[in-house]
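Below is one structure, written out as structure tokens; the observations come after it.
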Amino acid sequence: MLNIGSIFIFTFLALPIFTNGDWVHTVRGMEKNTLRWVIPVALLAVLASQFATRADWRAMFSLDYWQSLARYGMVMRIVESDFVHADEVDFQELTDVALRAAVRSLDSYSEYMTPDDYVEFDMAANQEYVGVGIEVGLFSGRIIISQVFEQGSAGVGGILAGDFIVGVDEVDTRDESLSEVIDRIRGESGSMVSIQVERPITAEEHSFNLERRAIALDSVVDVEMATETVGYMRVRQFIDETDLEMVSALQLLKSEGMQGLIIDLRGNPGGRVDIAVRMSEIFLDEGQEILTMQSRRGVEEVFYAEATLDANHQPLVVLIDGNSASASEIFSGALRDHARAVLVGDKSYGKGSVQSVYSFPDGDGLKLTSARYLLPSGEAINGTGVYPNVTVERSTEEAILLMLQAHHLRNMSDDAFAEVFGFAPVEDSQRIVAEQMLDALIGATELGSVLDVAAEGQ
């Protein structure tokens with residue numbers, strides 16, 4: 001009687017032969033170098049059979065699993081031996097295409113990454129990139145610098161948010177697309193690029209010679225006192241050391257008289273779950289549940305808040321919108337469920353799954369949905385989102401205008417801004433409500449009474 005390992009070997013080597021006569025001819029005509037990869041893979045099946053009593057190994061080394069590998073290997077072998085243009089085929093690229101398509105078909109969050117893709121993913125996940133330190137976009141058909149980061153050479157060199165890019169390396173770019181201009185600005189760390197801009201306030205053109213370099217962006221930004229008692233900070237993403245940046249920001253705001261805090265998570269796509277847990281611990285009591293993660297086989301892992309020396313018990317409002325996702329929803333959902341914070345804004349994105357990231361020896365990588373999570377209330381928010389305590393709807397137009405003006409007003413008066421951009425600065429309706437709610441929270445003894453008042457006013 002064949003054991004499991006023998007069945008795997010028999011299936012792997014014989015399945016294509018049983019398909020039709022053409023397969024028989026192909027297998028019999030295999031060269032020795034082909035068998036060099038067929039036999040080792042088959043031998044792995046023998047080893048797999050030794051672990052067949054374990055559920056996870058049985059799932060991984062199933063008959064379907066090996067049949068799929070065999071089918072892919074045989075197709076590639078036929079392409080190599082019989083395709084008329086086989087000499088022109090890049091089999092590594094062909095495999096990359098196949099893996100991308102296969103993993104993408106699983107769900108919208110899983111992704112196979114080539115080495116170049118993985119490097120970009122890793123840098124983006126840690127808010128790092130190589131450049132001059134500017135963010136660009138389109139305004140009225142022109143390419144505008146929407147933000148200048150202090151860490152980059154552009155900020156040091158004198159470029160301002162609101163400048164229009166008119167050239168790169170003395171090449172006129174007025175008629176080029178946004179992607180074309182970005183490609184011109186990009187380059188290797190240490191190299192130089194000259195950027196020509198038109199300053200809208202004076203209509204004068206300026207040229208700046210800038211060095212491209214690796215830039216690590218802060219994830220906690222715009223830390224300021226909104227009023228005499230209300231502190232404000234915006235969290236761009238949950239990445240390595242975001243929790244430490246938040247602790248530093250809290251210490252700064254407390255020293256300036258903060259009695260209550262607004263945390264702005266609007267537009268925050270998420271990030272690392274462990275960082276969201278650590279940040280939740282700052283505001284929750286020891287032992288309170290933060291989230292439950294459920295893996296493929298129903299295994300549950302519950303995360304509870306641990307005691308921290310950086311605990312903060314001041315009144316708290318969290319701003320969310322339709323682009324607040326993943327770790328943003330874990331953080332805001334936990335604080336809402338424990339009545340620790342009032343959520344203000346729009347319903348969040350609704351990404352209730354967790355992705356694990358795997359790196360491989362050749363530099364490629366895999367991002368794979370490995371679990372889903374539940375909020376402390378038991379709510380699964382995938383596809384539905386986290387609902388705020390106080391809903392303040394914001395139009396798409398208002399969101400765009402606010403994004404456009406956010407960094408320009410630091411360098412312009414309201415009148416100058418209106419003259420350049422054609423509209424007067426708009427007010428952030430969600431933030432205004434958040435400040436009003438926080439004023440009420442600072443003077444309240446119970447969160448429930450504040451929410452009752454807010455509900456009556458909606």
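Name every residue in segment 224-236 that is crowded, with 23+ Cβ neighbours inside 10 Å and under 23 Å from M123 (Cα atoms), in order of residue number.
Within segment 224-236, V235 is the sole residue that qualifies.
Among the residues of segment 149-160, write down those that are more than 19 Å from Y129 (Cα to Cα) and surrounded by 15 or more Cβ atoms within 10 Å (Cβ to Cβ).
Passing the criteria: only L160.
Pick from segment 83-109 the residues that are aliphatic (A, V, I, L, M), under 26 Å from L368 (Cα atoms) and assigned to a helix (DSSP H, G or I): which of them is farthest from the chain's Cα centre (by Cα)?
L94
I'm told D175 meets every condition in (1) more than 22 Å from F417 (Cα to Cα); (2) surrounded by 15 or more Cβ atoms within 10 Å (Cβ to Cβ) except one. Can you identify the failing condition by its number?
(2)
For residues in segment 261-297 being outside any strand (DSSP E or B) and on the phi > 0 side of the Ramachandran plot, which is farthest from the chain's Cα centre (by Cα)?
G287
Regarding V193, is this residue surrounded by 14 or more Cβ atoms within 10 Å (Cβ to Cβ), touching a helix residue (DSSP H, G or I) at 6+ places or on another chain (Cβ under 9 Å) and aliphatic (A, V, I, L, M)?
So V193 fits the description; yes.
Bear in mind these aren't lab numbers, they're just calculated from the coordinates by the rules spelled out. Owing to the predicted nature of the structure, the values given are computational and were not obtained by experimental measurement. Here the Cβ is made from the backbone with ideal geometry for all residues, glycine too, and neighbour counts use every protein chain on show.
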